[in-house]
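First the structure, in the form of structure tokens, and then the observations on it.
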Amino acid sequence: MTSGSFRFPYGTSFLEAVIPARNLAAVLSRTQAPGLGKETEAVAAALRNPIGCPPLIDLVSRKTKVAVIVTDNTRACPDDRLLPPILDELAQKLPRENITIIIGLGLHPPLNKAELAQKVGENIVANYKVINHDIDDVVEIGTTSRGNPVEVNRRVVEADFRLSTGFIEPHFFAGFSGGGKSIAPGVSSRRSICRNHGFKMIEDPFSRAGILKGNPVHEDIAEQAKMARLNFIVNILLNDDKEITHIFAGDPLLAHEKGCEMEKALVGVKVNHKVDVTITSNSGCPLDLDLYQTCKGIDNASMITREGGIIIVASSCNRGPGPAAFLDLHSGAASPGEILEKIRREEPVGVQWQNQILARAQLSKTIYLVSDLDPEEVKKMLMLPVPSIEEGLTKALQALGSSAEVAVIPEGPLVLPLLEI
């Protein structure tokens, strides 16, 4: 064998690249679990046999006003498949007029009518009240033990019962997605989000993918969700075919923890040393819609790339770099160190957490980006644009030597590197 061929998710398709066998040191791929098959029946069963609390139907009455919080279109959570059995279960007790479905945008832009239909299904948009979270229409309900303000969407606060969906995957500073993230940042204010995502919170060594215990970001999120009285979650795991493989429904803390345990068992991959070059993706659509989200794949690759090494990331970024504030903070600086110092000195600054994590990787690694972005925009982000993965690798081997060790993470942030040193 002289080489290995790999497929990297890119937008709605794939990029293929051949990696010389002499350089290939590690391939990090998650374990694929089989799909559940009859998903609707499986969701209904989970609602009737939840973790740590009574069945959903026993928690509501005819007069209960329910807020159902779902993810936005930057997340792969199949809400169009989860909501029908959830709403059918609730319909046994209460009229649909009592239900408001809220898109947990955080600071992301609102979904238009077509995007709403694609996210939750045309029938649901036509028959239920479906709204985008409004970061300015919030109610302050207190302060966490870390002193962070808790300001939550007014409709969520005024509801009698709060249920959220979610997709559990490694999260680069909250440990894992899902759980209380539907509240914070999902339906929180800008001030709440900025404090939870503050410089010191992100810089804590436990604010990393795969870590819950001792992770200040996660623990603050869990506290906010409890204060907001999140009552019930329906979180799922997915395989490469976007099939639901596991469902964790019930108590927001207990169900989420069980889901994270299973996810870590499936996606955690042991690595015994750092490499010179890591080639990765941002797992394709929807996570690689922009460069802002691509920081997740970059951070994952950074975990196993040595100082002075190179990260090659393939991400379509077909919607551009992301928020203007993200581009502005990076493009206005001459170095990663300057970016970090500006955030430390002037926070809150735009969407600083993403700039912070990207700059942290750039302090000791060079990043090559394969994307649909204008090359000049890529350079403004202190990255080097390359036309293909293979050309990027050729350039990396020229810089680091022909015997440089290469690791491949085809699915980017969907894999959890577990470095054993």
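Quick check: is even one residue across the stretch 155-166 in a strand (DSSP E or B), at negative phi and either surrounded by fewer than 24 Cβ atoms within 10 Å (Cβ to Cβ) or among the β-branched types (V, I, T) (or both)? Yes, there is a match, as at least one residue in the stretch 155-166 is in a strand (DSSP E or B), at negative phi and either surrounded by fewer than 24 Cβ atoms within 10 Å (Cβ to Cβ) or among the β-branched types (V, I, T) (or both). In summary, strands (runs of 3 or more DSSP E) completely within the stretch 319-421 and bearing 2 or more residues that are surrounded by fewer than 21 Cβ atoms within 10 Å (Cβ to Cβ) occur at 416-419. Tell me, yes or no, whether the stretch 82-89 has at least one residue that is open to solvent by 30 Å² or more (accessible area, probe 1.4 Å) and not in a helix (DSSP H, G or I). No, because not a single residue in the stretch 82-89 is open to solvent by 30 Å² or more (accessible area, probe 1.4 Å) and not in a helix (DSSP H, G or I). Filtered by the rule that a residue be surrounded by fewer than 19 Cβ atoms within 10 Å (Cβ to Cβ) and either without any contact (Cβ under 8 Å) to a residue 24 or more places away in the chain or at negative phi (or both), the stretch 303-318 gives R306, E307, N318.
Of the residues making up the stretch 135-192, those that are touching a Phe, Trp or Tyr at 6+ places or on another chain (Cβ under 9 Å) and among the hydrophobic types (A, V, I, L, M, F, W, C) are F161, L163, I168, F173. So, in the stretch 11-54, of the ones that are of a type in the set (G, A, S) and surrounded by fewer than 13 Cβ atoms within 10 Å (Cβ to Cβ), which residue ends up nearest to C317 (Cα to Cα)? Among those residues, the one meeting the criterion is S13. Out of curiosity, is A222 within 17 Å of the chain's Cα centre (by Cα), at pLDDT 95 or above and open to solvent by 10 Å² or more (accessible area, probe 1.4 Å)? Against the criterion (within 17 Å of the chain's Cα centre (by Cα), at pLDDT 95 or above and open to solvent by 10 Å² or more (accessible area, probe 1.4 Å)), A222 qualifies. Cβ contacts < 6 Å: first residue farther than 20 Å from E338 by Cβ, restricted to the stretch 360-385; second residue open to solvent by 60 Å² or more (accessible area, probe 1.4 Å) and part of a loop (DSSP other than H, G, I, E, B), any location; separation 6+ or different chain. Result? From the stretch 360-385, the pairs are D372/N318. Within the stretch 64-79, the set of residues being open to solvent by 10 Å² or more (accessible area, probe 1.4 Å) and either among the polar types (S, T, N, Q) or within 11 Å of H108 (Cα to Cα) (or both) comprises T64, T71, N73, T74.
Within the stretch 272-294, being open to solvent by 10 Å² or more (accessible area, probe 1.4 Å) and out of contact with any helix residue (DSSP H, G or I) (no Cβ under 7 Å at 6 or more places or on another chain) holds for N272, H273, K274, C285, P286, L289, D290. Annotation note: Cβ proximity below 8 Å between a residue of the stretch 275-291 that is more than 13 Å from S302 (Cβ to Cβ) and assigned to a strand (DSSP E or B) and a residue that is open to solvent by 10 Å² or more (accessible area, probe 1.4 Å) and modelled with pLDDT under 95 (sequence gap 6+ or interchain) occurs for S281/E411. Taking every residue in the stretch 98-118 that is closer than 15 Å to V187 by Cβ and outside any loop (DSSP other than H, G, I, E, B) and pairing it with any residue that is aromatic (F, W, Y) and open to solvent by less than 50 Å² (accessible area, probe 1.4 Å), at least 6 positions away or on another chain, the pairs with Cβ-Cβ distances below 9 Å are T100/Y128; I101/Y128. Answer yes or no: is there a residue in the stretch 61-68 that is free of Cβ contacts under 8 Å to residues at least 24 places away in the same chain and either more than 30 Å from N196 (Cβ to Cβ) or under 22 Å from the mean Cα position of the chain (by Cα) (or both). Within the stretch 61-68, none of the residues are free of Cβ contacts under 8 Å to residues at least 24 places away in the same chain and either more than 30 Å from N196 (Cβ to Cβ) or under 22 Å from the mean Cα position of the chain (by Cα) (or both). Of everything in the stretch 170-189 that is open to solvent by less than 10 Å² (accessible area, probe 1.4 Å) and touching a Ser or Thr at 6+ places or on another chain (Cβ under 7 Å), the residue that is modelled with the highest pLDDT is A184.
Does L358 satisfy being at pLDDT 95 or above, within 17 Å of L289 (Cβ to Cβ) and not hydroxyl-bearing (S, T, Y)? Criteria met by L358. Checking the structure you have, find out if any residue of the stretch 229-239 is over 27 Å from N148 (Cβ atoms), over 15 Å from the mean Cα position of the chain (by Cα), among the hydrophobic types (A, V, I, L, M, F, W, C) and assigned to a strand (DSSP E or B). No, the stretch 229-239 contains no residue that is over 27 Å from N148 (Cβ atoms), over 15 Å from the mean Cα position of the chain (by Cα), among the hydrophobic types (A, V, I, L, M, F, W, C) and assigned to a strand (DSSP E or B).
The values are calculated or read from the model by the stated rules, or taken from the named source; none is laboratory data. Computed from a prediction, not measured in an experiment: that's the story for all the values here. No Cβ is skipped: glycine too gets one built from the backbone with ideal geometry, and neighbour counts run over all protein chains shown. To get the accessible areas, we keep the full protein, side chains included, count just its heavy atoms, and leave off ligands, DNA and RNA. Shrake-Rupley method; radii C 1.70, N 1.55, O 1.52, S 1.80 Å.
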